[in-house]
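Report on the structure given below.
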Amino acid sequence: MGDTGIGASVRRKEDLRFVQGAGKYTDDMNLAGQVHAYILRSPHAHAAVRSIDTSAARAGEGVVAVFTSEDMAEVGGIPCGWQVHSKDGSAMAEPKHPVLAEGKVRHVGDPVAVVLAESRTQARDAAESIIVDYDVLDAVVDMQVAVTDGATSVHDDVGTNICYDWGLGDKEAVDEAFSNAHHVSTLDLVNNRLIPNAIEPRCAIGDYDHATGQFTLHTTSQNPHVIRLLMGAFVLGLPEHKLRVHAPDVGGGFGSKIFHYAEEIIVTWAAGQVNRPVKWTADRSESFQSDAHGRDHVTTVELALDENGKFLALRESTLANMGAYLSTFAPCVPTYLHGTLLAGQYSTPVIYCEVKAVFTNTVPVDAYRGAGRPEATYLLERIVQVAADDMGMDAAEIRRRNFIQPDEFPYQTPVALIYDTGNYEASLDKALEAADYAGFDSRKAASQLAGKLRGIGIASYIEACGIAPSNVVGSLGARAGLYEAATVRVNPTGSVSVMTGSHSHGQGHETTFAQVVSEKLGIDFDSIDIVHGDTDKIPFGMGTYGSRSIAVGGTAIVNAIDKIVAKGKKIAAHLLETSEADIEFENGQFVVPGTDKSKAFGEIALAAYVPHQYPLEELEPGLEETAFYDPKNFTFPAGTYVCEVEVDPDTGTVDIASFHATDDFGVVINPMIVEGQVHGGLVQGIGQALLEGCSYDDAGQLLSGSYMDYTMPRAADVPSFTVDTTVTECSHNPLGVKGCGEAGAIGSPPAVINAILNALSEVGVTNLDMPATPHRVWQAIRDAQAS
Amino acid sequence: MYAFDYKRPSNLDEAAEMLRNSDDAHLLAGGHTLLPTLKQRLASASDLVDLAGIDELKGISSADGVVTIGAMTTHAEVAASSEVQNAIPALADLAGGIGDPQVRNKGTIGGSISNNDPAADYPAALVGLNATVNTTSRSISADNFFTGMFETALDDGEIVSSVSFQAPSSAAYCKFPNPASRYAIVGVFVAQGSDGVRVAVTGAGGSVFRASEMEAALNQVFSATSVADIQVSDEGLNEDIHASAEYRAHLITVMTKRAVDKANG
């Protein structure tokens, strides 16, 4: 199936409905008799709630009900899905995350009360008449202040603001390597807090059928089964057979729609209370202060080198912001998705990393495109560049000298992971050639004539995708398995429906997965349908995040297909009156090689459902198989990005002159979709590097609470990208795939900042934090000139 | 958004009467500030009086070197107008750089100047070109029209009908945009007119102002080098998460230099 199979740039099936405005999103659903929920949120970052007077709201026009935490006494707190242990073996502090504030509010936007009314406007009008008596407390916003003795506690029952104090690696060996090193490079940096901004705001509709006792939650989720498990088992006490979670078309997630949010609980629970469907849709202002934010690390990193520029040891210390409460996967992001990536592409023999997770009076922080891996890559590629500058080495050469070599795989890093395959120099070489690295000096001279500063920056990243195997992540604190499931249902006339636990919210699964099926079964691409997002339809699946869908979800599909083919061979053998061992399956035909005997896939399907000539005594009728796949290891996409910038020293404006990406994603199913994914990731990474900065004032008010102040990247802010690939196949899944969703956002921030600092080196600037806004760049130049 | 009555008069007298007979009416022009503010419930109105149906507020005319732009003329219309492009290309250029295409197709010159956002572009053009604001009751010079942050000389019930611009011998506008909102962090409009050089600065202060030191230097020699070494005081300038007062002061010099170079072609 060359034109629709693996490796073909097939146009996305789903785009026809999306570009026609015919997508079906949660907010497009309106259920008969529904009421609208408005959530009253805290205007304060930290305050005791003395009392809540809802009497006027209850009497408001169109009001159906008003709820506060007192009404929800039977409802549990929002659970955290990952438990991290501190260096001393103690479990992380896990304060209750109430659905509605219980006695205290802890961030601007913390839900306090909910009003249900016939219309959204009526609900909002009534909510404005709720009188909350707040006793405003000092807010703790800055992590470095939060960890000092005597700082205000976000959670009184925790006592300090430290959630955990975690470490990874051999500290003694690292300290010794540092004490004997030829050179030590040091860097303090900040990984800036980001606000996700999926184009579709979150939405949730709860529905209750009192006749059957069945609850349904329609929600903007990346993983409906995870929400069903968390909400059903831990929050509302609903048995799973009485709870359906449905995530239809979802307009972008970037991680922010993985997590279980209070609003999902509120609408589901309230639907049962008022026996009517309850709908809530966030407006954009609410999204800014209620979607989990990303990143937000303050880090010191040191690299020890010998006289030849070989890395001897890496040491890192980080404060990671958790925000006011632990969001679903927050604890694992700065630990197991961060510390374990610190080897990067290098054979650094010893590494030690320690991370203190910190509570502050800010919106909870959790996984955002890349989740921990961008933070690891950023600090590593920044310190490698600092070391190159310190040692007077070329940026490419220092990396080349320290790369893990192709013959060293599988490679055990000093931070727990085993990389299975890779060829890092191949990606570096390709990227350097595309970027005309050798010709940089002449371009720099041309910029100089125009009064501009030109710089070039390299970042060689690695990421770990798939998050597996389940027994390993379980031992690291995951409270869930991280396999994926798929059911392949062959219909009697040979078309195929695939029910996948992966969830598509922009990735193009309906196309990519159909290509895999088309290739494996040799059937027409258009006769394959990919079904996802509904716990009533799909097998128990873990959803989409961490660039896992093709590597884990795709493998589950392949494994189910293998079972289909195996059964098909049995049926074919019976029909062709030969032994099963003689049958081969190729190009959609079951054949007996060397003969003219064959049966088409569709004939076998029909025989399975109309089993008139069928080995009924040995084989069940029907052709439907399910597979659960638990990966043996992470997958390890890697690559090198080269960014070239031109800085206007008069204004501090950074223009990205060119950006070249070379990625090794293993086997690529659909090059066009992969290129699109890389483009999107690069834009988000460049957004982090140049534009996006979540900003709070000292009182915990969100200053960047709208698009007037939070800068999303626009098309004009980025160049035309050059995107290319190299291929080393993943060794432990049958497709040889690695995953591509996050790479762009992981590798690009350090490439951009290294390029800017390369440009600014001629005016004496040696460090710069993201986002490198014009003001910040201008200030850095000015400060360097003053000193 | 709180409830309000929507009214659409067909002439200025009718509009004035609606304003008089209402508790708390707001005029609606392009609505780019008013509607988001209403939606966020940061403002409310008993009535919105939509000026979109009043033909006498629309259109661009040109006579004797004076270009007159009706208050309800959109930014896109100004940008595309051959009269404006011929007489004052810098004004067409400024209008074509406001916001984005959606904003330019709805936003109006009358709405912009009546709102007097400290970071709006048009106030710099009006002051830089020594324009005249014509209202339902009088004519006001641009220097006297913009009185402070979101404040103008307009009386209650007074409606801007048009703005008249004398064509300068040369002019240019350079803006350093806020990266998020694309409003001006600093915008400088430079013009050589019959009364000498004017340098009008928007975005940097509470309201548009003239940079007199720059004007004096440029009246000597109209060249970027004349202003290159002038350091503007940052006292009283705006400060926010995007730019310090010091940075804004610096940008005034940079944008003035660039505007002069641009005016000199």
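Structural remarks
- Subset of region B:135-152 (residues that are buried (at least 18 other Cβ atoms within 10 Å of the Cβ) and not β-branched (Val, Ile, Thr)): B:Ala142, B:Phe145, B:Phe146
- Of all residues in region A:264-315, those satisfying the criterion of being polar (S, T, N, Q) and within 31 Å of the chain's Cα centre (by Cα) are A:Thr268, A:Thr281, A:Ser285, A:Ser287, A:Gln289, A:Ser290, A:Thr299, A:Thr300.
- Figure legend. Inter-residue proximity from region A:714-737: first residues at positive phi and in a loop (DSSP other than H, G, I, E, B), second residues surrounded by 20 or more Cβ atoms within 10 Å (Cβ to Cβ) and not hydroxyl-bearing (Ser, Thr, Tyr), beta-carbon distance below 6 Å, spacing 6+ or different chains. Indicated pairs: A:Gly736/A:Gly666; A:Gly736/A:Cys730.
- Unmet criterion (only one of (1) assigned to a helix (DSSP H, G or I); (2) modelled with pLDDT under 95) for A:Ser547: (1)
- Residue in region A:121-132 that is more than 14 Å from every other protein chain (Cβ to nearest Cβ), at pLDDT 95 or above, under 23 Å from A:Arg41 (Cβ atoms) and surrounded by fewer than 20 Cβ atoms within 10 Å (Cβ to Cβ) present: yes
- Residue in region A:44-65 that is under 26 Å from A:Val333 (Cβ atoms), touching a Gly at 6+ places or on another chain (Cβ under 8 Å) and modelled with pLDDT of 95 or more present: yes
- Elements of the type helices (runs of 4 or more DSSP H) sitting completely within region B:1-120 and holding at least 1 residues that are within 14 Å of chain A (Cβ to nearest Cβ): these cover B:34-39, B:101-106.
- If the condition is being without any contact (Cβ under 8 Å) to a residue 40 or more places away in the chain and at the interface with another protein chain (Cβ under 9 Å from one of its Cβ atoms), then region B:235-246 contributes B:Asp240, B:Ile241, B:Ser244, B:Glu246.
- Among the residues of region A:49-70, the one identified as crowded, with 16+ Cβ neighbours inside 10 Å and free of Cβ contacts under 8 Å to residues at least 40 places away in the same chain is A:Ser69.
- Conditions (1) within 13 Å of chain A (Cβ to nearest Cβ); (2) in contact with an Asp or Glu (Cβ under 6 Å, 6 or more places away or on another chain); (3) within 14 Å of B:Leu129 (Cα to Cα); (4) among the aliphatic types (A, V, I, L, M): number failed by B:Val188: (2)
- Number of residues in region A:704-729 that are more than 11 Å from chain B (Cβ to nearest Cβ) and either of a type in the set (D, E, K, R) or in contact with a helix residue (DSSP H, G or I) (Cβ under 7 Å, 6 or more places away or on another chain) (or both): the value is 7.
- Checked against (1) touching a Leu at 6+ places or on another chain (Cβ under 7 Å); (2) within 13 Å of chain A (Cβ to nearest Cβ), B:Cys174 passes all but a single condition, namely (1).
- Enumeration of residues in region A:665-703 that are of a type outside the set (A, V, I, L, M, F, W, C), away from every other protein chain (no Cβ under 14 Å) and either within 30 Å of A:Thr555 (Cβ to Cβ) or in a helix (DSSP H, G or I) (or both): A:Gly666, A:Asn670, A:Pro671, A:Glu675, A:Gly676, A:Gln677, A:His679, A:Gly680, A:Gly681, A:Gln684, A:Gly685
- Within region B:139-148, not a single residue is modelled with pLDDT under 95 and more than 14 Å from the chain's Cα centre (by Cα).
- In this structure, A:Asn767 qualifies as farther than 28 Å from A:Gly546 by Cβ and away from chain B (no Cβ under 14 Å).
- Screening region A:199-211 for residues that are in a loop (DSSP other than H, G, I, E, B) and touching a Ser or Thr at 6+ places or on another chain (Cβ under 6 Å) and picking the one that is surrounded by the most Cβ atoms within 10 Å (Cβ to Cβ) gives A:Arg202.
- Selection count where residues are more than 14 Å from chain B (Cβ to nearest Cβ) and outside any helix (DSSP H, G or I), scope region A:770-787: 1
- Search result, residues across region B:1-38 that are touching a residue at least 60 places away in the same chain (Cβ under 8 Å) and surrounded by fewer than 14 Cβ atoms within 10 Å (Cβ to Cβ): B:Arg20
- All positions within region B:169-197 that are closer than 15 Å to B:Gly65 by Cα, modelled with pLDDT of 95 or more and surrounded by fewer than 24 Cβ atoms within 10 Å (Cβ to Cβ): B:Ser169, B:Ser170, B:Gln192
- Residue satisfying condition, being basic (Lys, Arg) and at positive phi, within set B:Arg41, B:Arg8, B:Arg20: B:Arg41
- Test: A:Asp655 is within 14 Å of another protein chain (Cβ to nearest Cβ), out of contact with any strand residue (DSSP E or B) (no Cβ under 7 Å at 6 or more places or on another chain) and within 30 Å of A:Tyr378 (Cα to Cα): no
- Here A:Arg41 passes the criteria (1) within 21 Å of A:Val64 (Cα to Cα); (2) surrounded by fewer than 19 Cβ atoms within 10 Å (Cβ to Cβ); (3) in contact with a Gly (Cβ under 9 Å, 6 or more places away or on another chain) except the one numbered (2).
- Enumeration of residues in region A:603-652 that are part of a strand (DSSP E or B) and under 30 Å from A:Tyr336 (Cβ atoms): A:Thr626, A:Ala627, A:Phe628, A:Tyr629, A:Thr635, A:Ala638, A:Gly639, A:Thr640, A:Tyr641, A:Val642, A:Cys643
- Test: residue in region A:226-234 that is part of a helix (DSSP H, G or I), in contact (Cβ under 8 Å) with a residue 12 or more places away in the chain and of a type in the set (D, E, K, R): yes
- Reported count of residues in region A:168-196, each being over 23 Å from the mean Cα position of the chain (by Cα), part of a strand (DSSP E or B) and crowded, with 16+ Cβ neighbours inside 10 Å, is 4.
- Lone unmet requirement of (1) within 32 Å of the chain's Cα centre (by Cα); (2) over 30 Å from A:Ile39 (Cβ atoms) for A:Val158: (2)
The values are calculated or read from the model by the stated rules, or taken from the named source; none is laboratory data. Just so it is clear, the structure is predicted and the values come from calculations on it, not from any experiment. As a convention, Cβ positions derive from the backbone with ideal geometry for all residues, glycine included, and neighbour counts pool all protein chains shown.
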